[in-house]
Amino acid sequence: MKTEWPIPAWFDERVRDPETGSALEQRADGYHRSDGRRYAIRDGIPSLVFPETLGGQDGDWNRFYDAFAPFYNLMQVVLSPFMLGETAASAHRKVAANLPLAPGSRLLEVSPGPGTFHRFLRERLGPQGVLVSLDLSFQMLQQCRKRGDPAAVLVHGNGQHLPFKDGAFDALFHFGGVNLFNDPNRALAEFVRVVRPGGIVSWGDEGFSPDYPDGRMKRMLTRMNPGYLKPRPPVPAGLRDVVTEAVYGGTGYLVVGRKC
Ligand SMILES: C[S@@+](CC[C@H](N)C(=O)[O-])C[C@H]1O[C@@H](n2cnc3c(N)ncnc32)[C@H](O)[C@@H]1O
């Protein structure tokens, strides 16, 4: 199928069925499974998930983010100075600066939203780097296409069932979905699986650092989003040199490790 956003050949070499782990055959109308089912390509975006099968919180959040996608970026720009004490761009650049990404790396970003980190990830990866961004919300991916890195390959999928072979990427970055996933432990295990040995695995979300002051701001943020108080999932097996940093003025955390 001819699209304005062609899917590169290396992508097809790395993709696999997110449900069974089996090989997929790419044809003009999508990615075919051996049982006859097909994952479609919509607007040049491989849709490697069947959204109608999502259960629990995944289905609810997917509907929420599809509806909220056109407003998400504006909300961040308006609220960041107040909630984080700095502009959204400054906060996002600092997070990306914490990632030990080598220029030219092949990076999978899970849950890009509207492309929040794209500009800063591209700065780190350089023009030769490869950025693949996978989100469960198709509407968020449409926003990514409008506002994000024009060279990014966008994928519709579920972070807990990644449609990629083991070791397919040099690095993985995720921010903002850990508190939402039905099964965060499964997502983190998937993050480790798709990175090559020696590669970088990094994730984070909202969550107060221990020295964040108790007070009005903390109470207000928690009322707006109870996710701030969610227990963090344990670091998955298979990582070494793991470091956790406070980000977003102590209202968020970022974990960075290297795959064994
Ligand atoms: C709070 S937003 C974070 C967006 C962006 N990373 C940021 O920090 O601004 C959460 C994102 O996670 C996505 N998401 C939720 N559940 C997901 C899942 N199971 N797999 C992949 N993405 C998911 C949502 O669609 C949304 O884009």
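What follows draws every value from the coordinates through simple rules; no lab data is involved. What you are looking at is a predicted structure, and each value in this text was computed from that prediction instead of being measured. Here the Cβ is made from the backbone with ideal geometry for all residues, glycine too, and neighbour counts use every protein chain on show.
Taking the average, over residues, of other Cβ atoms within 10 Å as the packing measure, peptides 140-146, 246-252 rank 140-146, 246-252 from highest down. Distances between placed amide hydrogens fall under 5 Å for Val130 paired with Ser105, Arg106, Leu107, all partners being 5 or more residues away or on another chain. Computed from the C-alpha gyration tensor, the three semi-axes of the ellipsoid equivalent to the stretch 159-260 are 28, 14, 9 Å, from longest to shortest.
Simple rule: put +1 on each Lys or Arg Cβ and -1 on each Asp or Glu Cβ in the chain, find the dipole, and look at Tyr65, Ser22, Thr116; the Cα lying farthest toward the positive end is Thr116.
Protection proxy ranking of 165-173, 86-94, 131-139, 227-235, by the mean of other Cβ atoms within 10 Å over each peptide's residues and highest first, is 131-139, 165-173, 86-94, 227-235. Using θ = phi - 60° in the Karplus curve 6.51 cos²θ - 1.76 cosθ + 1.60, the 3J(HN,Hα) couplings for the stretch 94-110 round to 5, 4, 4, 5, 6, 8, x, 9, 7, x, x, 5, 9, 10, 9, 9, 9 Hz; x is entered for Gly and Pro.
Taking Cβ atoms as reference points and 10 Å as the exclusive limit, the residues near Ala97 contribute a net charge of +2, counting Lys and Arg as +1 and Asp and Glu as -1.
Computed about its Cα centre, the charge dipole of the chain is approximately 340 debye, with only Lys, Arg, Asp and Glu carrying charge at their Cβ. Which of Val178, Gln139, Tyr248 sits farthest toward the positive end of the charge dipole of the chain, with +1 on the Cβ of Lys and Arg and -1 on the Cβ of Asp and Glu? Farthest along the dipole direction, towards plus: Tyr248.
Normalised by residue number, the volume inside the convex hull of the Cα atoms of the stretch 48-259 is 111 Å³ per residue. Within a straight-line Cα-Cα reach of under 28 Å, Lys218 can be paired with the following lysines, leaving aside sequence neighbours fewer than 8 residues apart in one chain: Lys94, Lys230. Backbone phi angles across the stretch 57-62, fed through the Karplus curve with coefficients 6.51, -1.76 and 1.60 (θ = phi - 60°), yield HN-Hα couplings of 5, 4, x, 5, 5, 5 Hz in residue order; Gly and Pro are listed as x.
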